[in-house]
Every structure is written in structure tokens, then in C-alpha cells.
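For reference, the structure is listed below as C-alpha cells.
Just so you know, all these numbers are worked out from the coordinates, no wet-lab data involved. Worth saying up front: this structure is predicted, and the values here are computed from it rather than measured. Here the Cβ positions follow ideal geometry from the backbone for every residue, glycine too, while neighbour counts run over all protein chains shown.
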Amino acid sequence: MSLKYEYFRRRNVDLGVPSTTGVISSREVLAIREIETFKKLCRIKGIDPKLDGDASTFLDLGSGDQFLRLALDGTNYIPLDIDDVDFESEALPILDDSVDVLFSLAVVEHVNNIDHFMSECFRVLKPNGIIYLSTPNFRYCFRDFYNDPTHVRPFTEVSLCKTVEYYGFKSVEVFPSARCKTDWFYKGKHRFTKCAYLPFLGTNKWAPSFLCGRATGIICLGVKSMLIDQC
């Protein structure tokens, strides 16, 4: 048995399948919030989110139940998970320079061979394509990080930013993993502290929204350089 494959199998079972009842599901709410947060961070950085319907290609690495599809109406959505390709060693079945936006949510902390994973991400993105990664922030979750036996690579906001830069991405910036907060939460020297010590993890009907949504993870946004340095 492969520990990693068993973990992802159980994760997919727990996620279930998207609702087909016509009633908005909790996964659809999460998808909408994730894409809206992505657009907000692109706006803060002054870059085009490149979600132009069927003119854009969106690659979801570690796609799970493919919930992001629910918020990407008309976009060319490509899901890849561990059942499709080994992120540690296999080439992604994607052409060079063909992807506009690459999402990978809570995957990099599971990857030993970060050289291969990041090189493949860079290869498939178009010049000026956008990479969007999320991962736990070891600065705040160090007591629990290794409770997940498939976690192999911890990151802080500093190490994740440097890692993405080392692999040739430009305009790299890291943000707290709060979703759909006001701009103030994503800006400033203390932005990670602001989100990590909010009183409430989710919503609370008795508390104002600005006190809710505690987040201790990292989102990293970067752009593939137009010009690739020649060795």
C-alpha cells in the first residue's frame, strides 16, 4: 500500500461529489470564494487574472472532487490528481507554454521532489501565466503539521516566496490564506499575524465579519517570466 495514495483516496471519498440538485452546495460556495480571492489578490498586485472564459486554460493540480470547476463557467478547466499523474516524478500530460492559470491547493506540503513539481509548473504555464499555491504556514501550525503522515515539506511565508522565485517566477508575493476579506487583511508587514489571530475560525452570527475567518495558511501568487534566463 502507498501511504500517499491511501490518503488521497480517503480524501476524495470524504469530499463526496458536487450537488446536482440545483441548490448551491457548500463546495460551490468554497469554489466561488477561492476564485474571488484569487481575483482580489491579482487586483492587489495589479495583474490580469486571465480568466477569459473559453479563451483561458485553467490547470488544477491536486483537483480532488474538482470543486473549482463549479466557479469557472466557460473556462477550459483541466483537473489533474494523483490518480492521473505522479507529481513527484512524472511529466504533466500538458503541452509546454499552454496554461494561463495554474492552481495547486494544499499540495506542495505533500511533495518530496519539489524540483520536479515546480519545474513542471513552470514548463506548462504560458509566459505571463499565473501560479497560485496554497499551503499551511509552519510558523503557526508547527505543533500539528506532522500529525498528517503525508506532510513532508513545511513552508513559512518566507520560504515559500523564495522557493517560487528560485524556480524562475517573477512578481512573487505571499498572502495569508484568508478568503474574501477586505484588502487591509492582505496588506502590510503584519498581514499574516492579523489573520492568524482573528477570534473566530469560520462565521459567527454573534460577531462582526471582520472578527471571523481566522486563517493560518499561505497563498503564493507568481507570474512566469516572459524572458527565461539562459545559463
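Quick notes on this one:
- Förster-model FRET efficiency, 30 Å R0, Glu165 and Asn76, C-beta, rounded to 0.05: 0.60
- About its Cα centre, segment 41-103 has a charge dipole of approximately 480 debye under the convention of +1 per Lys or Arg Cβ and -1 per Asp or Glu Cβ, with nothing else charged.
- Scanning the chain for DSSP H helices at least 27 Å long along the axis (C-alpha atoms) with a Kyte-Doolittle mean no lower than -0.5 picks out 26-45.
- Summed side-chain charge close to Gln66 - residues other than Gln66 whose Cβ falls under 9 Å, Lys, Arg +1, Asp, Glu -1: -2
- Per-residue Cβ neighbour rank within 10 angstrom, fewest leading, Cys212, Cys121: Cys212, Cys121
- Cβ-Cβ distance of Glu90 and Leu201, R₀ of 35 Å, FRET efficiency by 1/(1 + (r/R0)^6): the value works out to about 0.45.
- Environment charge at Ser98 (Cβ cut-off 11 Å; Lys +1, Arg +1, Asp -1, Glu -1): -1
- All Cα pairs of the chain, percent lying beyond 28 Å: 29
- FRET efficiency, 1/(1 + (r/R0)^6) with R0 30 Å, evaluated for Asp144 and Asp83 via beta carbons: 0.65
- Potential lengthening between Ala106 and Met226 on full extension [0.36 nm per residue; Cα-Cα distance subtracted]: 40.5 nm
- Of Lys50/Lys162; Lys194/Lys224; Lys162/Lys187; Lys39/Lys194; Lys126/Lys181, those spanning more than 27 Å from alpha-carbon to alpha-carbon: Lys194/Lys224; Lys126/Lys181
- Glu6 paired with Val29, simple spin-label distance in nm, labels 7 Å along Cα-to-beta-carbon: 3.4
- Counting other Cβ atoms within 10 Å as a rough exposure proxy, the listed residues Thr75, Thr156 run Thr156, Thr75 from fewest neighbours to most.
- Over all other residues within a Cβ to Cβ distance under 12 Å of Tyr146, the charged ones net out to -1, with Lys and Arg as +1 and Asp and Glu as -1.
- Gain on full stretching of the segment that runs from Asn128 to Asn113 - 0.36 nm per residue minus C-alpha separation: 2.9 nm
- Taking Met118, Met226 and counting other C-beta atoms within 10 Å, the order from fewest to most: Met226, Met118
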